[in-house]
Amino acid sequence: MMGKVCVHVLPALADALGIDEATEEVIPEQGIDGNYSLLSLLERLSAKYQRFGQSVYDAGKRELTGQVMIFLNGRHVELIDGLATSLSDGDELTFIPFVEGG
């Protein structure tokens with residue numbers, strides 16, 4: 001049995017990252033029991049999409065770049081467990097770029 005996480009990216013950010021606006025990422029079988037974290041997914045996405053690593057998650061520093069907000073099922077991940085937030089089958093992640101200016 002494999003779980004899936006839906007990843008939603010706003011159109012402008014999707015273009016910048018070279019990623020589809022809506023994609024599904026498979027949770028490895030060993031992660032289904034709650035051992036699969038947001039950090040694991042971000043590391044996989046940054047390896048898969050070079051620009052994702054530059055704009056969202058810096059794998060070298062193991063931290064977010066601060067250019068996007070990440071929501072899990074409508075809740076900001078910083079209000080849950082940050083990068084340690086566990087992902088489960090059917091979860092929805094949304095990436096929203098910070099808007100600058102005024």
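Among the residues of the range 63-101, write down those that are in a loop (DSSP other than H, G, I, E, B) and at positive phi.
Narrowing the range 63-101 to residues in a loop (DSSP other than H, G, I, E, B): 65-67, 73-74, 80-81, 85, 87-91, 98-101.
Those that are in a loop (DSSP other than H, G, I, E, B) and at positive phi: Gly66, Asn73, Gly74, Gly90, Gly101.
Does Gly66 satisfy being of a type in the set (Gly, Ala, Ser), closer than 18 Å to Lys4 by Cα and free of Cβ contacts under 8 Å to residues at least 40 places away in the same chain?
no
Which of the residues belonging to the range 38-62 are outside any loop (DSSP other than H, G, I, E, B) and either in contact (Cβ under 8 Å) with a residue 40 or more places away in the chain or of a type in the set (Ser, Thr, Tyr) (or both)?
Leu38, Leu39, Ser40, Leu41, Leu42, Ser46, Ser55, Tyr57, listed by residue number.
When the residues of the range 72-91 are narrowed to those that are in contact with a Phe, Trp or Tyr (Cβ under 8 Å, 6 or more places away or on another chain) and not hydroxyl-bearing (Ser, Thr, Tyr), which ends up surrounded by the most Cβ atoms within 10 Å (Cβ to Cβ)?
Looking at residues that are in contact with a Phe, Trp or Tyr (Cβ under 8 Å, 6 or more places away or on another chain) and not hydroxyl-bearing (Ser, Thr, Tyr), I get Leu87.
Checking Val9 against (1) surrounded by fewer than 18 Cβ atoms within 10 Å (Cβ to Cβ); (2) within 14 Å of Pro97 (Cβ to Cβ); (3) in contact (Cβ under 8 Å) with a residue 40 or more places away in the chain, which single condition isn't satisfied?
Tallying (1) surrounded by fewer than 18 Cβ atoms within 10 Å (Cβ to Cβ); (2) within 14 Å of Pro97 (Cβ to Cβ); (3) in contact (Cβ under 8 Å) with a residue 40 or more places away in the chain, Val9 fails exactly one: (1).
Sort through Glu29, Glu25, Glu21 and tell me the only one that's loosely packed, with under 12 Cβ neighbours inside 10 Å, over 16 Å from Met69 (Cβ atoms), at pLDDT below 85 and charged (D, E, K, R).
From the options Glu29, Glu25, Glu21, the qualifying one is Glu29.
The values are calculated or read from the model by the stated rules, or taken from the named source; none is laboratory data. Fair warning: this is a prediction, and the values are worked out from it, not measured in the lab. Neighbour counts run over all protein chains shown; Cβ positions are idealised from the backbone, glycine included.
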